[in-house]
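Bear in mind these aren't lab numbers, they're just calculated from the coordinates by the rules spelled out. Remember, it's a predicted structure, so these values are computed and weren't measured experimentally. Note that we place each Cβ from the backbone using ideal geometry, even for glycine, and neighbour counts take in every protein chain shown.
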């Protein structure tokens, strides 16, 4: 969506903004010189986009074989947020997606990773594996000590019920960190869309 279409929403933008840049800039706090009315409209637009992204169905035929594919299904619901959220992909024995679910919503610096709630849903869904993800609003996906400790705790809890924790991703706006692959990676939507087509 280009500047002309955004202005139809009453944003009255003077520069050539597109919706992606506008949302990313608002999440990072880089919208100087905007009126309160414009900021309110941008906030409503951002919320509407977030709600829409959650409704996009996941492709149940795709095997999640690496962090890149997992990020394709998790990043759209978390990037650009100004608070932390925790999401889970519940997976079948073949690593296809049974369900994508939000587990918690927190503040700017943390969100709760509730092992009991995660395991309860896994048992109810008959999941054989999970991939957990949470975002860092700071746009730095480097894991904190708390992130490392919560991953170890969840991994131990999963082993107790024969559930596999396949990965824990930390999502930033344009990159992510994979605990399993022990690496940061750039998010490339074009390439990942190709990989995710079954």
Exercise. How far is it, in nm, from the label point at residue 61 to the one at residue 138 when both lie 7 Å from their Cα along the line to the Cβ?
Worked result: 4.2 nm
Exercise. What list do you get for 92, 178, 153 if you sort them by fewest beta carbons within 10 Å?
Worked result: 153, 92, 178
Exercise. Could you state the number of Å between the C-alpha centres of the stretch 162-188 and the stretch 58-101?
Worked result: 11 Å
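Direction-averaged shadow area of the convex hull around the Cα atoms of the stretch 94-143, nm²? Kindly include the intermediate steps, with their values, before the conclusion.
Numbers: hull surface 16.7 nm².
Mean projected area of the Cα convex hull: 4.2 nm².
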Exercise. Given labels modelled 7 Å from the Cα in the Cβ direction, how far is it in nm from residue 108 to residue 162?
Worked result: 4.6 nm
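What Kirkwood radius, in Å to one decimal, follows from the Cα pairs of the stretch 118-157?
On the way: mean 1/r = 0.0846 Å⁻¹.
Value: 11.8 Å, from the Cα pair sum.
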Exercise. Can you give me the relative contact order of the stretch 102-180 as a percent, contacts being Cα pairs under 8 Å and 6 or more apart?
Worked result: 32 percent
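Arrange the following residues from fewest to most other Cβ atoms within 10 Å of their Cβ: 136, 168, 83. Kindly include the intermediate steps, with their values, before the conclusion.
On the way: 136 22, 168 26, 83 13.
Ascending Cβ contact count within 10 Å gives the list 83, 136, 168.
Most exposed first by the Cβ proxy, i.e. fewest other Cβ within 10 Å, how do 152, 41, 183 rank?
Numbers: 152 13, 41 17, 183 10.
So the residues, fewest neighbours to most, are 183, 152, 41.
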Exercise. Between residue 43 and residue 7, what length comes free when the chain is fully extended (0.36 nm per residue of separation minus the Cα-Cα distance, one decimal in nm)?
Worked result: 11.5 nm
Exercise. Rg and Dmax of the stretch 85-198 over Cα atoms: what are they, in angstrom?
Worked result: 13.9, 38
